[in-house]
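To keep things clear, I will list the structure first and then write my remarks on it.
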Amino acid sequence: MNNLQKLLTVLKQSDTPLSSRQLSSLLSVSDRSVRNYIKELRNAGEQITANENGYLWIGIKNDEPDSPGNKSQALFAFATPEERINYIIEKLILAKSGLDLYDLADSIYISYSTIEKDMIRVKKKLALFNLSIHRQNGTIDIVGEEHHKRALFSHYLTSNLDSTIDLTLESFCKILNISPDSLRAIVHEALQTENLYASDYAFKSIIIHVIINMTRIKIRECLLEKPLYDSATIHTAEYRAASRIFDQISRLCPIQFNENELQQLAFIIMTKTSAININNVIDLPRIVDSALIQFVNEIIKQVKTIYYIDLYDTDFINFFTVHLSNALFRCRHNVSIRTPLSDEIFIQNPLIYEIAVFIAQEIKTTFGYELNKDEITFISLHVGAVLGKKMDEHPEIKAVLVVNNYYNYYNKHSLESITQKLSGKCKIAEVTNTLDDVNPAYYDLIIDATNQVLPQANLRVIQTNTIITEHDFKKIQSVCNELLAEKKRRIFHDKLISFMDPQLFEKNHYENSVEDMIRYMAEKLVALGIAPEAFTDSVLEREAVTPTSFDNKVAIPHSIVCSTQKNIGFVIVNEKPLRWGTFDVQIIMMIGVNHQQRMDFKYVYSNLLEHFENSTTVEKLIHASDFHNFIDILTS
């Protein structure tokens, strides 16, 4: 039974909601993994509600389609107050003439006093977009300029993981009386006709913008303000594509778009597309400035020097350089791009995200533009794509195969086939009929197809048939997994011990804020002579880009650009959590990196992240009695 099946069984057997913490503990996985499993089960038709108490299974979709109890529970069991706030904002955006607060409270099964409290948070959220609430006789409405309302609408659609493009199309296209497929086809044809090419994310972003336009015009809210850019775009391919999109939509829906709407869509298309086809050979110098090409090549060198990761790849250079050109264009015109993947990418791929943050800092230094979290996420996608292509496929276990010398089965081709069957975990480095001339120090494993090899003191021996069978392969793979795990644990333990210092381990040290905590830890490293004076500001500067906290009660503040005397980790473990960005944190590990030991940093950092993924391990670490107990838990 896999974790997905276990989770469903546990939920079905419970009459009360189960929290993420309870479920993650039962399955020995992270809270994030639980959320992913819940999403998969819902996609498979399982009805699972969520509220502040946790998750509750209520049946299979369409089992009782007419049950009003199931319907209301499924629709309005908000997992968090934040979800309820977003729902209220959605209703406000779509309201033609304001909302009655009493009716709204009744429709989502909350008290009037609760919705009054919610409105305080709604007002604060609207204020971020230069909008306010007008209230009269229990009816509320959004007040402000139309382009600010649309910015709020865009934020609402793109900042929630649950609001995927498919769900967005499904719900809003019903309001607009247009088929989602028709809308996609109209936009795709318009871009294709004008030889404009968009990534999947850019295409979805254009779709969302069109939905916003149509939805607002549907309730008679047109864009009256002229877009803030040169109207010369009317002679461009982007303007013609926008015209084609609106013309086709107008034939299907009774919606009239004014010139301001048209120019704004043209500009959006301009910021999200390029006139190159990724399926063709790209002549980069003809498309972008040579300074950008030089910058990207320099970035590749720096990433290799700092992280020991090679980004050199023709596709990466081409696509990332074009992306960078578009990103700088957006920065020059104060246009933002959003993706709901930002937090997910950071949590799931922190090392990749860290490289993206470094690249963003270099962009700021070179071009003067500070990229937001979403732009950094798109850089992560480019970095992740090239790393996916360059995954290290070299096996870590080296084996010597002992065979009878009269048997000629194990030629070169057969050995390659054997290695391939071992899934890259084990490589047959030598074939012999005797161990007399073999130095065991060079190998991790002996595969004996003669049944004549005696047990070795420091080397595992696997006995197989003369011609290795499928059963033998499974046995070898199992042993290789054990050896790899042990080797990894041993190397991690040794490197972690050299990385840590018992004097830099504290329990229950509290500060008033994240900045105060960072200053306390960094200044202690400076006072000990481990870090230079610039270290504190460097860590704070990195933290300002995106918080270094994770959804597992851990924060890892650090500086890559400021070298310390040696690789060092300073740990503080607290019983009471500190709010660190989006998450509550109880384990803080400040890392200093020596530029001559970056390879060790990369190894320790990636392994730390892997261990911190396990919620059971994190709970044990929080209750670690001392430094040595902390290390033992991490490396067990």
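Residues of the range 588-621 being out of contact with any helix residue (DSSP H, G or I) (no Cβ under 6 Å at 6 or more places or on another chain), assigned to a strand (DSSP E or B) and either at pLDDT below 90 or of a type in the set (Val, Ile, Thr) (or both), which ones?
ILE588, ILE591
Which residue is surrounded by the most Cβ atoms within 10 Å (Cβ to Cβ), if the candidates are limited to the range 237-251 and must be free of Cβ contacts under 8 Å to residues at least 24 places away in the same chain and over 35 Å from the mean Cα position of the chain (by Cα)?
The extreme case among them is SER243.
Cβ-Cβ below 9 Å, separation at least six or inter-chain, first residue in the range 95-113 and exposed (fewer than 14 other Cβ atoms within 10 Å of the Cβ), second assigned to a helix (DSSP H, G or I) and of a type in the set (Lys, Arg): which pairs?
Every condition considered, the pairs that remain are LYS96/LYS218.
What pairs come out if I take residues in the range 611-636 that are under 17 Å from PHE550 (Cα atoms) and pair them with residues that are among the charged types (D, E, K, R) whose C-beta lies under 6 Å away, six or more apart or interchain?
Here the result reads VAL618/LYS553, each pair linking the range 611-636 to a residue that is among the charged types (D, E, K, R).
Name the one entry in GLY592, GLY569, GLY581 that is in contact (Cβ under 8 Å) with a residue 12 or more places away in the chain and within 30 Å of ILE397 (Cβ to Cβ).
Values: GLY592 fails: within 30 Å of ILE397 (Cβ to Cβ); GLY581 fails: within 30 Å of ILE397 (Cβ to Cβ).
Only one candidate passes the filter, namely GLY569.
For the range 290-329, which residues satisfy the criterion of being among the hydroxyl-bearing types (Ser, Thr, Tyr) and either at pLDDT 90 or above or within 15 Å of ILE352 (Cβ to Cβ) (or both)? Steps first, please.
So the first thing to find is which residues in the range 290-329 are among the hydroxyl-bearing types (Ser, Thr, Tyr), and the list is 290, 305, 307-308, 312, 314, 321, 325.
Matches in the range 290-329: TYR307, TYR308.
Output the residue which, of all residues in the range 344-368 that are at pLDDT 80 or above and β-branched (Val, Ile, Thr), is nearest to HIS611 (Cα to Cα). Can you show your working first?
So the first thing to find is which residues in the range 344-368 are at pLDDT 80 or above, and the list is 352-368.
Cutting the leftovers down to β-branched (Val, Ile, Thr) gives us 352, 355, 357, 359, 363, 365-366.
Working: ILE352: 17, ILE355: 20, VAL357: 22, ILE359: 26, ILE363: 32, THR365: 34, THR366: 36 Å.
Checked the range 344-368; the qualifying residue nearest to HIS611 (Cα to Cα) is ILE352.
When GLU194 is evaluated against the numbered criteria (1) among the acidic types (Asp, Glu); (2) surrounded by fewer than 17 Cβ atoms within 10 Å (Cβ to Cβ); (3) modelled with pLDDT of 80 or more, which criterion, by number, is the only one it fails?
(2)
Counting just the residues of the range 528-547 that are within 22 Å of LEU609 (Cα to Cα) and in contact with a Gly (Cβ under 8 Å, 6 or more places away or on another chain), which one comes out modelled with the lowest pLDDT? Give the steps one after another, and end with the answer.
Of all residues in the range 528-547, those within 22 Å of LEU609 (Cα to Cα) come to 538-547.
From what is left, the residues that are in contact with a Gly (Cβ under 8 Å, 6 or more places away or on another chain) are 546-547.
On the way: THR546: 85, PRO547: 89.
The selected residue is THR546.
Within the bounds of the range 475-490, is there any residue that is hydroxyl-bearing (Ser, Thr, Tyr) and modelled with pLDDT of 95 or more? Quick ask: steps written out before the conclusion?
Step one: of the range 475-490, the residues hydroxyl-bearing (Ser, Thr, Tyr) are 478.
Right, trim to modelled with pLDDT of 95 or more and you get none.
Checking the range 475-490: not a single residue is hydroxyl-bearing (Ser, Thr, Tyr) and modelled with pLDDT of 95 or more.
Filtering the range 614-636 down to residues that are crowded, with 19+ Cβ neighbours inside 10 Å and within 22 Å of the chain's Cα centre (by Cα), which residue is farthest from PHE570 (Cα to Cα)?
Checked the range 614-636; the qualifying residue farthest from PHE570 (Cα to Cα) is SER615.
State all residues of the range 588-601 that are out of contact with any Lys or Arg (no Cβ under 7 Å at 6 or more places or on another chain) and either under 10 Å from PHE499 (Cα atoms) or surrounded by fewer than 17 Cβ atoms within 10 Å (Cβ to Cβ) (or both); if no residue qualifies, say none.
Answer for the range 588-601, where residues must be out of contact with any Lys or Arg (no Cβ under 7 Å at 6 or more places or on another chain) and either under 10 Å from PHE499 (Cα atoms) or surrounded by fewer than 17 Cβ atoms within 10 Å (Cβ to Cβ) (or both): ILE591, GLY592, VAL593, HIS595, GLN596, MET599, PHE601.
Given the condition part of a strand (DSSP E or B), in contact (Cβ under 8 Å) with a residue 24 or more places away in the chain and under 21 Å from PRO350 (Cα atoms), answer yes or no: does some residue in the range 542-550 qualify?
Within the range 542-550, one or more residues are part of a strand (DSSP E or B), in contact (Cβ under 8 Å) with a residue 24 or more places away in the chain and under 21 Å from PRO350 (Cα atoms).
The values are calculated or read from the model by the stated rules, or taken from the named source; none is laboratory data. A quick note: this is a predicted structure, and the numbers were derived from the prediction, not measured. Neighbour counts run over all protein chains shown; Cβ positions are idealised from the backbone, glycine included.
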